[in-house]
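Take a look at the structure set out below.
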Amino acid sequence: MKAVKIKELSVLAKTRYLTLYDAMYTNKKGTEKHWSIASRKNKETLEHQYFNDTEDETDAVVIVGLHSSTKSLVIIKQFRLPVNSYIYELPAGLIDPNETIETTLKRELKEETGLNITGIINDISHNKLYLSPGMTDESIALVYCLCDGELSQEFLEEDEDITPMLVNKKQASEILNGNVKLDVKCFLVLSNFVQGKLDDKF
């Protein structure tokens, strides 16, 4: 058996936020194959990762917001073009150049919900999770935080169609049992919330 190894990377299509690559690689039997990879990283950065074993940077932040004064979970309902529908999600956003996970966290929660961070619960220094590694190298920091304030849509960007909401356990259960579209991260967090597994974090 041979080690699977990417030999060459070429661009198939490129947009502002996403590039589609063709990766030529050899499989464990030494056979040459091709795989399509969607990435938020440019070709130079990705080649450094693949061929020089440099560490990849986290692409985005996903926020598990716990609203202190109401003991509620913060979620959003957002229109997503790939599913052509509204879907329940957790607040999230890309890490801009020269931003940290913490500055992105504060900016995105404010933009998407109007709420303010009052404390970060989990260690975010080594927090990198991959969303769909069969298709993309996109990674996130999943951050649990305390927040407070009033919900608002006044900070949304022009193309964002988002309704922020605070849900208690009864409302979370209704969403889980309803005929609605759910992001998998939101599904898992809502399930833990309903089961009381987040109670000690408030």
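When you scan the stretch 185-195, do you find a residue that is within 18 Å of the chain's Cα centre (by Cα), at pLDDT 95 or above and closer than 30 Å to residue 47 by Cα, even just one?
Looking through the stretch 185-195, at least one residue is within 18 Å of the chain's Cα centre (by Cα), at pLDDT 95 or above and closer than 30 Å to residue 47 by Cα.
For (1) without any contact (Cβ under 8 Å) to a residue 12 or more places away in the chain; (2) part of a strand (DSSP E or B); (3) closer than 21 Å to residue 87 by Cα, each residue gets a yes or a no:
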position	(1), (2), (3)
126	yes, no, no
153	no, no, yes
163	no, yes, yes
186	no, no, yes
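Test each condition in (1) part of a loop (DSSP other than H, G, I, E, B); (2) out of contact with any helix residue (DSSP H, G or I) (no Cβ under 8 Å at 6 or more places or on another chain); (3) not hydrophobic (A, V, I, L, M, F, W, C) for residue 157 and report the one that comes out false.
Answer for residue 157: the failing condition is (2).
Of the conditions (1) within 22 Å of residue 71 (Cα to Cα); (2) surrounded by fewer than 16 Cβ atoms within 10 Å (Cβ to Cβ); (3) β-branched (Val, Ile, Thr), residue 180 clears all except one; give me its number.
Going through the list (1) within 22 Å of residue 71 (Cα to Cα); (2) surrounded by fewer than 16 Cβ atoms within 10 Å (Cβ to Cβ); (3) β-branched (Val, Ile, Thr), residue 180 breaks only (1).
Would you point out the residue of the stretch 130-154, among those that are among the aliphatic types (A, V, I, L, M) and within 14 Å of residue 64 (Cα to Cα), that is surrounded by the most Cβ atoms within 10 Å (Cβ to Cβ)?
By that ranking, first place goes to 143.
Quick test of your reading of the structure: residue 130 fulfils all but one of (1) touching a residue at least 40 places away in the same chain (Cβ under 8 Å); (2) closer than 21 Å to residue 191 by Cβ; (3) in contact with an Asp or Glu (Cβ under 8 Å, 6 or more places away or on another chain). Name the failing condition by number.
It is condition (1) that residue 130 fails.
List, please: which pairs have Cβ atoms under 9 Å, are six or more places apart or on different chains, and start with a residue in the stretch 40-57 that is more than 17 Å from residue 128 (Cα to Cα) and end with one that is of a type in the set (Ser, Thr, Tyr)?
Note: pairs meeting the criteria are 42/19; 43/10; 43/19; 43/21; 45/39; 45/54; 48/54.
Out of 99, 89, 112, 108, report the one residue that is more than 30 Å from residue 34 (Cα to Cα), without any contact (Cβ under 8 Å) to a residue 12 or more places away in the chain and among the acidic types (Asp, Glu).
Testing whether each residue is more than 30 Å from residue 34 (Cα to Cα), without any contact (Cβ under 8 Å) to a residue 12 or more places away in the chain and among the acidic types (Asp, Glu) leaves just 99.
The values are calculated or read from the model by the stated rules, or taken from the named source; none is laboratory data. Predicted, not measured: the structure shown is a model, and the values here were computed from it. Cβ: placed from backbone, ideal geometry, glycine included. Neighbour counts: every protein chain shown.
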